[in-house]
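Chemist: Mind having a look at this structure? Questions to follow.
Any read-out appearing in this document is the output of simple, stated calculations on the displayed coordinates, not a laboratory observation. Since the model is a prediction, treat every value here as computed from it, not as a measurement. With ideal geometry, Cβ positions are generated from the backbone for all residues, glycine too; neighbour counts draw on all protein chains shown.
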Amino acid sequence: MFPSCHPLLEEHHSPINLDHHMTRNESLEALHLEGFDAIQTGHWTLHNDGHSVVLQVGNGMSVSGGGLPDVYHTIQLHFHWGGLGTNGSEHTVDRRRYPMEMHIVNMKSIHPNLTAALDDPTGLAVLGFFIDVVYSDNIHFGHISQKLSSVAYKGQTTKVKPFPLMSLLPKHNMSQYYRYYGSLTTPPCSQVVVWTVYEVPIYISWSQLAQFTSQVFSTEEDAEQVTPLQNNFRHVHPTFSRIVSVSKDAKLLTGTAGRPFRSAVSLHLPLIILLGSFISGL
């Protein structure tokens, strides 16, 4: 349906695998996230579009610096996840997936709308954050996860009270990231994205993860058969001749060639299965 998404036609598709074959760029310092510490006025909108949950954040925030070619206005964020017991980040680290990935989408300020930005090779700047799991809830992430029941089905929308977006992010590790040029990971897969993928993940709880993997649906509420929205990530694409840069302060992949990466889901999955079997036998 979307020839522009065909991986053999072009060379700059996303996502990609991140490994030790990267180039250190000493000029890549922390990005300037304007308005991310503030509580914006008005309200935000959370929407189930059938292939993700999207938070439209309105005006008031922008991203610049860190090697970006311009100032970019923040327009929305959305999520990619797996299924029950499977990981679902889009980018991989040494071929391993994290449980989830969050994308903050920013549009170059000179463009009046998204259509215009999609004609610019650097029209969008997307900040990618891996999401891993621990046992306690992330109270800041609750601003979103607690609203999921209101957008469980495709087409549903609810209002979200604005909160400081920085509260979601690994604020003490924002200078550690990877940079490359790629594409949107959903149709039309336009190759217009300057990617910034942060190496330190956001941590949420098992129950918060489960709200995405088991309580969000890709079908409308009145559909004859409701379908859980799961595994909404695109497969990894070759980097080809692209340079993948690592920021001045990035650490995770330095000298880790051959060291296995394991997320919390892959570490604890056997335990979860064992506990599930025990509980079902009670």
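Chemist: If you scan the stretch 111-125, which residues turn out to be surrounded by 13 or more Cβ atoms within 10 Å (Cβ to Cβ) and either under 13 Å from His73 (Cβ atoms) or touching a Gly at 6+ places or on another chain (Cβ under 7 Å) (or both)?
Modeler: Matches in the stretch 111-125: His111, Leu114, Ala116, Ala117, Gly123, Leu124, Ala125.
Quick grid of which residues meet (1) under 21 Å from Gly50 (Cβ atoms); (2) hydrophobic (A, V, I, L, M, F, W, C); (3) free of Cβ contacts under 8 Å to residues at least 40 places away in the same chain:
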| position | (1), (2), (3) |
| --- | --- |
| His73 | no, no, yes |
| Gln76 | yes, no, yes |
| Thr86 | yes, no, no |
| Pro121 | no, no, no |
| Val126 | yes, yes, no |
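Chemist: Hey, any hits in the stretch 1-14 for a residue that's outside any loop (DSSP other than H, G, I, E, B) and in contact with a strand residue (DSSP E or B) (Cβ under 6 Å, 6 or more places away or on another chain)?
Modeler: Initially, the stretch 1-14 is screened for residues outside any loop (DSSP other than H, G, I, E, B), giving 3-5.
Next, only the ones that are in contact with a strand residue (DSSP E or B) (Cβ under 6 Å, 6 or more places away or on another chain) stay: none.
Within the stretch 1-14, not a single residue is outside any loop (DSSP other than H, G, I, E, B) and in contact with a strand residue (DSSP E or B) (Cβ under 6 Å, 6 or more places away or on another chain).
Chemist: Need pairs with beta-carbon distance below 9 Å; first residue assigned to a strand (DSSP E or B) and within the stretch 18-31, second surrounded by 13 or more Cβ atoms within 10 Å (Cβ to Cβ) and of a type in the set (Lys, Arg); sequence gap 6+ or separate chains.
Modeler: The qualifying pairs are Arg24/Lys248.
Chemist: Something else about it: Name, by its number, the condition in (1) loosely packed, with under 13 Cβ neighbours inside 10 Å; (2) touching a Lys or Arg at 6+ places or on another chain (Cβ under 7 Å) that does not hold for Ser207.
Modeler: It is condition (2) that Ser207 fails.
Chemist: Residues that are more than 18 Å from the chain's Cα centre (by Cα), at least 3 per element: which strands (runs of 3 or more DSSP E) completely within the stretch 123-223 meet that? Explain how you work it out, then say what you get.
Modeler: Working: elements: 124-134, 157-160, 177-182, 193-205.
Strands (runs of 3 or more DSSP E) meeting the threshold: 157-160.
Chemist: When the residues of the stretch 104-119 are narrowed to those that are free of Cβ contacts under 8 Å to residues at least 40 places away in the same chain and in a strand (DSSP E or B), which ends up nearest to Ser205 (Cα to Cα)?
Modeler: Val105
Chemist: Any idea which residue in the stretch 37-95 is nearest to Gln211 (Cα to Cα), counting only those that are among the aliphatic types (A, V, I, L, M) and in a loop (DSSP other than H, G, I, E, B)?
Modeler: That would be Leu84.
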